[in-house]
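Engineer: First, the structure itself, so that you have it in front of you.
The values are calculated or read from the model by the stated rules, or taken from the named source; none is laboratory data. Small disclaimer: the values here were computed from a predicted structure and weren't measured. Cβ placement follows ideal geometry from the backbone for every residue including glycine, while neighbour counts extend to all protein chains displayed.
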Amino acid sequence: MANLKDIRDRIKSVRSIQKVTKAMKMVAAAKMRKAQGRMEQARPYTHRLTEVIHHLLPDVDRELLPLLDIREIQRVGYIVVASDRGLAGSFNTNVLKKAQQEIDEIGKQNVDLFCIGKKTRDHFKRRDYNIIQSHIEFWNDLDFPHAMKMGEGIISHFINGEVDEIHVVYNEFVNVATQSIQSERLLPLEYGDEDTMTHIDRLYEPSKEKLVRSLIPRHLNIQMWKYLLESYASEQAARMVAMENATDNAEDMIKDLSLEFNKARQASITKEMLEIVSGAEALK
Amino acid sequence: MSTFNLDIVTPTRNLDEMVVSYVRCPGLDGSFGIMANHQEGIFSLDIGEIMIKTNSETKYYSTSGGFAEIANDGVCILVETVESASAIDISRAEAALQRARDRKSSSDKENLDQLRLASALSRALIRLRVAKK
């Protein structure tokens, strides 16, 4: 049986770890709530914009706009969104695994990577993938201009013809306990379902083409913003759950250790009493 | 005067829905006004000021562009940023203006992104103009 001091020290260290995990859980919960609020605020804008674009797209000649251009696929761009920090359960592992699997199917020499989050960059850098851009250490002051900046870089890469398609892999926030990994095609844009559209007699100013031309970059920026928000909220939710589990596990450990401690303490008392009794016996 | 509903929506926040009688927006080919019962349509907006008239007051906002959707049940303005006259940080706008002017007069003409410079300049100027109203 371990001696008393060792057990006491272990209980102490587990308890202090528990304090840390508990604090991290509360921080993650607060950040998650904030992120959820922002997602809800962004939704009306995204919704309206998508609606308008879907109205306009079928009437526009694809040739006019490089961003709508459907080309034969030779090279593919991948945007992988993960976090800067770990300790969030399987949040990073799962999204990176999924991304790597998809990329390996195409062949890693044919894929250009845009890494968002330190974990993504480190993961793919270590494995020698072809990284074009990485965006790291912005999550703490996440703001719309970040999304615009990323959007610009990605759009120009597509327009320059470096890649013929762009995919995004990210965590979608379903609820606190669930994040689902999504893989979507960002570019070239797809048409909406044409059958469900209603044609309304509307004024377009300037022309439809010019409208689409100015709307599509905005649409892509807002998509990027959505991916960032979803991923951020998921990250915080995953961390919250992971830290909650860690706190519970620490509690269990403390219980077990306390039991062991008490047993050891009793054993030592019994031993001492035996010694006293047998000492007294010997004096007789 | 007859009124209509106006929504101003940005990616990061929604202004409260307003009941207004007149809106003036910065279109790509100059400002245009919207009153109740306007024909439906979609209009691109440039960097500029949005003026809103309700029956009791007139408000000014600065914006960095977007578009306006006019439907029969109201108007929705979707822009990337919007700031009301009272929310504009004048010293920040002045600093931005100064930066843009410095860049304009800098000797490094070749690496100058004219388009970006022009939009930075006009954004700062509009902010200051709206803030002083």
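Engineer: Please work out if residue B:17 is at pLDDT 85 or above and either within 21 Å of residue B:85 (Cβ to Cβ) or β-branched (Val, Ile, Thr) (or both).
Structural biologist: no
Engineer: Does region A:151-165 hold any residues that are within 21 Å of the chain's Cα centre (by Cα) and more than 14 Å from chain B (Cβ to nearest Cβ), and which are they?
Structural biologist: Result: A:153, A:154.
Engineer: Go through region B:23-46 and report how many residues are more than 12 Å from chain A (Cβ to nearest Cβ) and buried (at least 18 other Cβ atoms within 10 Å of the Cβ).
Structural biologist: 2
Engineer: Would it be correct to say that residue A:73 is more than 17 Å from residue A:211 (Cα to Cα), of a type outside the set (Gly, Ala, Ser) and surrounded by fewer than 19 Cβ atoms within 10 Å (Cβ to Cβ)?
Structural biologist: So residue A:73 fits the description; yes.
Engineer: Kindly provide the set of residues from region A:208-267 that are among the small types (Gly, Ala, Ser) and more than 14 Å from chain B (Cβ to nearest Cβ), ordered by number.
Structural biologist: Answer for region A:208-267, where residues must be among the small types (Gly, Ala, Ser) and more than 14 Å from chain B (Cβ to nearest Cβ): A:231, A:233, A:234, A:237, A:238, A:242, A:246, A:250, A:258, A:264, A:267.
Engineer: Within region B:26-60, how many residues are farther than 28 Å from residue A:223 by Cβ, in contact (Cβ under 8 Å) with a residue 24 or more places away in the chain and touching a Lys or Arg at 6+ places or on another chain (Cβ under 6 Å)?
Structural biologist: Residues meeting the conditions: 3.
Engineer: Taking the condition over 19 Å from residue A:151 (Cβ atoms), polar (S, T, N, Q) and not in a strand (DSSP E or B), does residue A:41 pass?
Structural biologist: So residue A:41 fails the test.
Engineer: Of the conditions (1) closer than 21 Å to residue A:117 by Cβ; (2) surrounded by fewer than 14 Cβ atoms within 10 Å (Cβ to Cβ), residue A:38 satisfies every one except a single condition; which number is it?
Structural biologist: Answer for residue A:38: the failing condition is (2).
Engineer: Determine, yes or no, whether residue A:152 is closer than 15 Å to residue A:83 by Cβ and surrounded by fewer than 20 Cβ atoms within 10 Å (Cβ to Cβ).
Structural biologist: no
Engineer: Kindly provide the set of residues from region B:1-16 that are under 16 Å from the mean Cα position of the chain (by Cα) and more than 7 Å from chain A (Cβ to nearest Cβ), ordered by number.
Structural biologist: Listed by number, the residues that qualify are B:6, B:7, B:8, B:15.
Engineer: Could you please give the count of residues in region A:1-29 that are closer than 21 Å to residue A:176 by Cα and touching a helix residue (DSSP H, G or I) at 6+ places or on another chain (Cβ under 6 Å)?
Structural biologist: So the count comes out to 6.
Engineer: Would you call residue A:67 under 22 Å from the mean Cα position of the chain (by Cα), of a type in the set (A, V, I, L, M) and within 30 Å of residue A:153 (Cβ to Cβ)?
Structural biologist: So residue A:67 does not fit the description; no.
Engineer: Among the numbered criteria (1) under 26 Å from residue A:70 (Cα atoms); (2) of a type in the set (D, E, K, R); (3) under 22 Å from the mean Cα position of the chain (by Cα), which single criterion is violated by residue A:143?
Structural biologist: All conditions pass for residue A:143, except number (1).
Engineer: Looking only at region A:51-65, which residues are surrounded by fewer than 17 Cβ atoms within 10 Å (Cβ to Cβ) and either closer than 30 Å to residue A:142 by Cα or away from chain B (no Cβ under 14 Å) (or both)?
Structural biologist: A:51, A:58, A:61, A:62, A:63, A:64 - these are the residues of region A:51-65 that are surrounded by fewer than 17 Cβ atoms within 10 Å (Cβ to Cβ) and either closer than 30 Å to residue A:142 by Cα or away from chain B (no Cβ under 14 Å) (or both).
Engineer: Could you tell me whether any residue of region B:48-55 is under 30 Å from residue A:209 (Cα atoms), out of contact with any Asp or Glu (no Cβ under 8 Å at 6 or more places or on another chain), away from chain A (no Cβ under 13 Å) and surrounded by fewer than 11 Cβ atoms within 10 Å (Cβ to Cβ)?
Structural biologist: The answer is no, given that none of the residues of region B:48-55 is under 30 Å from residue A:209 (Cα atoms), out of contact with any Asp or Glu (no Cβ under 8 Å at 6 or more places or on another chain), away from chain A (no Cβ under 13 Å) and surrounded by fewer than 11 Cβ atoms within 10 Å (Cβ to Cβ).
Engineer: Still on this structure, please answer the following. With the checklist (1) touching a helix residue (DSSP H, G or I) at 6+ places or on another chain (Cβ under 8 Å); (2) within 14 Å of chain B (Cβ to nearest Cβ) in hand, flag the one item residue A:135 doesn't pass.
Structural biologist: Status for residue A:135: all satisfied but (2).
Engineer: With respect to residue A:230, is the statement that it is touching a residue at least 24 places away in the same chain (Cβ under 8 Å) and of a type outside the set (Phe, Trp, Tyr) true?
Structural biologist: Judged against the criteria, residue A:230 is a match.
Engineer: Taking region B:11-25 as the region of interest, how many residues are part of a strand (DSSP E or B) and either in contact (Cβ under 8 Å) with a residue 60 or more places away in the chain or not aromatic (Phe, Trp, Tyr) (or both)?
Structural biologist: 7
Condition check ((1) modelled with pLDDT of 95 or more; (2) under 30 Å from residue B:42 (Cβ atoms)) across all residues:
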{"residue": "A:215", "(1), (2)": "no, yes"}
{"residue": "A:255", "(1), (2)": "yes, no"}
{"residue": "A:263", "(1), (2)": "no, no"}
{"residue": "A:280", "(1), (2)": "no, no"}
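Engineer: Being among the charged types (D, E, K, R), within 14 Å of chain B (Cβ to nearest Cβ) and touching a residue at least 24 places away in the same chain (Cβ under 8 Å) narrows it down to one of A:85, A:38, so name that one.
Structural biologist: Residue meeting the stated conditions: A:38.
Engineer: Then there's this: Among the listed residues A:46, A:120, identify the single one that is free of Cβ contacts under 8 Å to residues at least 60 places away in the same chain, under 30 Å from residue B:10 (Cβ atoms) and surrounded by 16 or more Cβ atoms within 10 Å (Cβ to Cβ).
Structural biologist: None of the other options fit; the residue is A:120.
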